[in-house]
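**Student:** Dropping the structure in here first, questions after.
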Amino acid sequence: MSAGGGSAYTVREAVAEGDREACFAVRREVFVVEQGVLQEVEYDTYDATAVHVLAVREDGVPLGTGRLLFGADATGRTGADATVGSLGRLAVNKAARGLGVGAALVRAIEDAARERGLAAVDLHAQTHALGFYERLGYEAYGPEFPDADMPHRAMRRAL
């Protein structure tokens, strides 16, 4: 994959030493610093069991991250349907936006969901990002609601 300027990047599950810290650093930059989300809201107990994905440049610089909740962890957001995963905490560093990193992260999360036998993925999208997710096949449902003091809509895509 290319991140512009000839710089390639890869997207992988965050399993190597240091990957989780890289994921959290991207989230801190995007959500806490840039968007003003409280740190105690951004990080939660689900981080311990979530599947995290990480986009990194070929020189090791982290570009973006996201996570998948499923099973008992996802039921708080998606209802009692154990076949539906929850995509969340999708964040791409400002310098890497518009280069396809976000879409690659979403596809990697969907692949992780399929590997775990899930039939669909739900997410809570900031309303300004609805078009991004719609282009990736997600459909909004239900009313707008606040999350971390920002307007969101629920969205779902069957896998």
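**Student:** Would you call L136 touching an Asp or Glu at 6+ places or on another chain (Cβ under 7 Å) and surrounded by fewer than 18 Cβ atoms within 10 Å (Cβ to Cβ)?
**Tutor:** Criteria not met by L136.
**Student:** Identify, from the list A104, A82, A74, A108, the residue that is of a type in the set (A, V, I, L, M), modelled with pLDDT under 95 and under 15 Å from the mean Cα position of the chain (by Cα).
**Tutor:** Exactly one of A104, A82, A74, A108 is of a type in the set (A, V, I, L, M), modelled with pLDDT under 95 and under 15 Å from the mean Cα position of the chain (by Cα), namely A74.
**Student:** Report yes if R97 is closer than 21 Å to T10 by Cα, surrounded by fewer than 20 Cβ atoms within 10 Å (Cβ to Cβ) and without any contact (Cβ under 8 Å) to a residue 12 or more places away in the chain, otherwise no.
**Tutor:** On the way: closer than 21 Å to T10 by Cα: yes; surrounded by fewer than 20 Cβ atoms within 10 Å (Cβ to Cβ): yes; without any contact (Cβ under 8 Å) to a residue 12 or more places away in the chain: yes.
Yes.
**Student:** Separate question: When the residues of region 7-23 are filtered to those that are in contact (Cβ under 8 Å) with a residue 24 or more places away in the chain and in a loop (DSSP other than H, G, I, E, B), which remaining residue is surrounded by the fewest Cβ atoms within 10 Å (Cβ to Cβ)?
**Tutor:** If we take residues in region 7-23 being in contact (Cβ under 8 Å) with a residue 24 or more places away in the chain and in a loop (DSSP other than H, G, I, E, B), then S7 is surrounded by the fewest Cβ atoms within 10 Å (Cβ to Cβ).
**Student:** Between residues in region 108-125 that are more than 16 Å from V15 (Cα to Cα) and residues that are in a helix (DSSP H, G or I) and at pLDDT below 95, which pairs lie under 6 Å by C-beta distance while being six or more apart or on different chains?
**Tutor:** Cβ pairs passing all conditions: D122/T78.
The values are calculated or read from the model by the stated rules, or taken from the named source; none is laboratory data. Here the structure is a predicted model, which means the values were calculated and not measured. Glycine also receives a Cβ, built like all others from the backbone with ideal geometry; neighbour counts cover every protein chain displayed.
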